[in-house]
Every structure is written in C-alpha cells, then in structure tokens.
Amino acid sequence: MTSSKNVLANDVEIKGSIKFSHDLIIDGRIEGEVHSDGSLTVGENANIKGEIKTRTVVIFGKVEGNITVQERCELKSNAILVGDITAGTLSIEEGATFMGQSSVGKRPEGSKAAPAAKPALG
C-alpha cells in the first residue's frame, strides 16, 4: 500500500467540516472544523478559519482558530496563527506569527480530572 498524500489545491474553498484518516495537504480556503487521526499540512496559500484537531500539523499558511494535536505542531517561518495551541510538542520557526496561548507537553496518565469526593453516608 503506497502512502500518498491527499491535496486540496489553492483554488478549493470549503465551508463545513472536513474529516480524513491519513495525510492531507490543504492549500485552499476552509471555513469550518478539520478533524483527523492523521497528519495535516497547511500550505502557504491556505487560509483556515476554524478548529483543527489532528495527530500532527505543519503550518505554512494562515489559521484562525484553536489547534489541538496529539503529537507535534510546527509553525513554519511564514505561518500566521491566531488561536490557542494544545500539543505534545511545539516548534515555532523564526518569522512565524503566533497570537494566542499554548499548552505543550504530555499529560501524565490518569491526570485528566480528579474524581469528585463521595460524601460519607451514615
């Protein structure tokens, strides 16, 4: 099985949610959510307005929205991100624009939320 990347070219405009399984390169305009267990590349001509939830993301273009990735988020030198990042690792090249907050690092197992204390009966 060959590992090919799917491409949405720079003349493509989508309003709505996108879901994919493996790798996707977006070089067009998206207004909506992008969800995947795969890898997303936001091309230099891309303009995404909406939330991104993927395994990894590499951004060359513009994103307005929050990004949540399981593994790695990379902002390349021409990238513009207006939104918050939650990622395992984060790489920001010199020249990139990032306006938002970041939460980087893996959570220890079992630290999602402390269970509520049960009142004693009696």
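Just for the range 46-91: of the residues that are out of contact with any Asp or Glu (no Cβ under 6 Å at 6 or more places or on another chain) and among the small types (Gly, Ala, Ser), which one is farthest from ASP23 (Cα to Cα)?
Checking each candidate, the answer is GLY83.
Please work out if VAL42 is of a type in the set (Val, Ile, Thr) and surrounded by 15 or more Cβ atoms within 10 Å (Cβ to Cβ).
yes
Of all residues in the range 21-32, how many are in a strand (DSSP E or B) and either among the hydroxyl-bearing types (Ser, Thr, Tyr) or surrounded by fewer than 17 Cβ atoms within 10 Å (Cβ to Cβ) (or both)?
Residues meeting the conditions: 1.
Can you pull out every residue in the range 45-57 that is over 8 Å from the mean Cα position of the chain (by Cα) and of a type in the set (A, V, I, L, M)?
ALA46, ILE48 - these are the residues of the range 45-57 that are over 8 Å from the mean Cα position of the chain (by Cα) and of a type in the set (A, V, I, L, M).
Values in this text are rule-based calculations from the coordinates and carry no lab data. Given the structure is predicted, the values throughout are model-derived calculations rather than measurements. So basically every Cβ, Gly included, is an ideal-geometry build from the backbone, and we count neighbours across all protein chains shown.
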